1. Mind checking which pairs have a first residue in region 110-134 that is closer than 14 Å to Ala100 by Cα and aliphatic (A, V, I, L, M) and a second that is surrounded by fewer than 20 Cβ atoms within 10 Å (Cβ to Cβ) and at pLDDT 95 or above, Cβ under 6 Å, 6 or more apart or different chains?
2. How many residues does region 403-417 contain that are outside any loop (DSSP other than H, G, I, E, B) and surrounded by 17 or more Cβ atoms within 10 Å (Cβ to Cβ)?
3. Given the residues Glu118, Glu110, Glu74, which is the only one that is in a helix (DSSP H, G or I), among the acidic types (Asp, Glu) and within 24 Å of Arg163 (Cα to Cα)?
4. Does at least one position in region 214-221 carry a residue that is assigned to a helix (DSSP H, G or I), of a type in the set (Phe, Trp, Tyr) and closer than 30 Å to Ala174 by Cα?
5. Residues in region 156-205 that are within 21 Å of Gly99 (Cβ to Cβ), of a type outside the set (Ser, Thr, Tyr) and touching a residue at least 60 places away in the same chain (Cβ under 8 Å): how many?
6. Select from region 178-196 the residues that are over 20 Å from the mean Cα position of the chain (by Cα) and assigned to a loop (DSSP other than H, G, I, E, B) and write down the one among them that is surrounded by the most Cβ atoms within 10 Å (Cβ to Cβ).
7. Listed residues Gly52, Gly16; which is crowded, with 18+ Cβ neighbours inside 10 Å, modelled with pLDDT under 95 and either within 18 Å of Thr276 (Cβ to Cβ) or aromatic (Phe, Trp, Tyr) (or both)?
8. Determine whether Arg199 is modelled with pLDDT of 95 or more and either buried (at least 17 other Cβ atoms within 10 Å of the Cβ) or assigned to a helix (DSSP H, G or I) (or both).
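The values are calculated or read from the model by the stated rules, or taken from the named source; none is laboratory data. Model, not experiment: these values are computed from the prediction. No Cβ is skipped: glycine too gets one built from the backbone with ideal geometry, and neighbour counts run over all protein chains shown.
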Amino acid sequence: MRIAVLGAGVGGLAAGARLAALGHRVTVLEQAATPGGKCGRVEVGGYTFDSGPSLLTMPWVLADLFADTGAALEDELELLRVEPGTEYRFADGSSVALGADLPPTVAALERFSPGAGEDWARHLGACAGMWRASAPVLSGPAPWPPRRPRRGERRPSPADLLRIRPWRTLRGLARSTVRDPRLRLVIERGATYAGADPRRAPAALAVAGYVEHAFGAWHVRGGLYAIVEALTRRLGAAGGELRLGTAVRRVTTVDERVAAVETDSETLDCDAVVSTVDAALESTLLSGDGATARPGAPATARVKPERSLSGFALMLGLRGRTPRLGHHTILFPPDYDAEFDDVFVHRRPVRDPTLYVAAASVTDPDRAPPGDEGWFVLANAPVHGERLDWDAHADAYEEHLLDRLARRGLDVRDRIAVRARRTPADLERETGAPGGAIYGAA
């Protein structure tokens, strides 16, 4: 079959490589000048930053992908275990480091708050049930429409519905499994992995954090963009083609079947299309109104109210090293609810955001000049659009985040050698995602 894949992010490259390895004629079309989508790389002044994802979980997914396309994972990527995975720092000055090695994690939690270790183990048990119920759906065929399981497939069980607790929100799950309000924040943070509000998000989103705490966290030597480079190699080795700087304007159909993909310069006949673009753009591509999906077009016509959250990323090249800093640090504010009200209710820059700091050079020193370190700092942010013009707010908010870091005990303003940023507006321009929403619709 002739297959066009729309988008050369991680998903598009993976789909293209798999389909090409199966013998199909695959063309991956990407409007940007480089592959990767939201998984980007920034190099400035001898510092190298991942400008999107900065943590790898479930590495066996990549191992299966590479094996299916003719390579071993270890021949393509070097994975470095990060343990403990993350240090969590709270507004009252307390902190705790959590990892996938359960005994020391439980011990650390008991020192942090008596009984918290026992609560954490109970929470992980609840999440393990959710994971067993969810994994076949996440890694196998869609559950709808119903069908008879094939030989060897696990039969769906009504008990699975109970395990994922559809009647609970993620906040409700946190309150039902742990008593310390600080530890509840760690659980509730799982909602942001899907761009959602923990007060409204389903409890099943706990599995997003569970896979890190149960199975471990990894850094890829050279940064997570190395995954994009490896997938690009697998696509080419399998015979697929990657076309960069090629924006798709329309997907044409004949008798309700895909017939061709139209770009700015040509029409590609195809038998099937795999779309990895934001779902909000697909209707415009099918209707032929692809011009509305062009990055840089007025966002006010495209952004819908219920988009997922975006992020404001600040990349800092720092002189010297920070004592006792781990690879991942999360700094919680005193009022977590106010943060989500700013994002989803008021649609304004978060006044006192949770700050995520990824210091990859702790694990991978070549990411910064000798003796120095690079930080990727991420704050939750509402999307760019009608109610908030991030281009107008970016300079002031960059300084605001540096001030917030200082107030949380990490004042690095006099150590900054280089800096860069990626705002929701930048995400929209670079990836075509309306408003720069990281996860599409919330």
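1. The qualifying pairs do not exist here.
2. 3
3. Glu118
4. Scanning region 214-221 turns up at least one residue that is assigned to a helix (DSSP H, G or I), of a type in the set (Phe, Trp, Tyr) and closer than 30 Å to Ala174 by Cα.
5. Residues meeting the conditions: 9.
6. Only one residue fits best here, namely Val178.
7. None of the others qualify; the one that does is Gly52.
8. Here the answer is no, as Arg199 does not meet what is asked.
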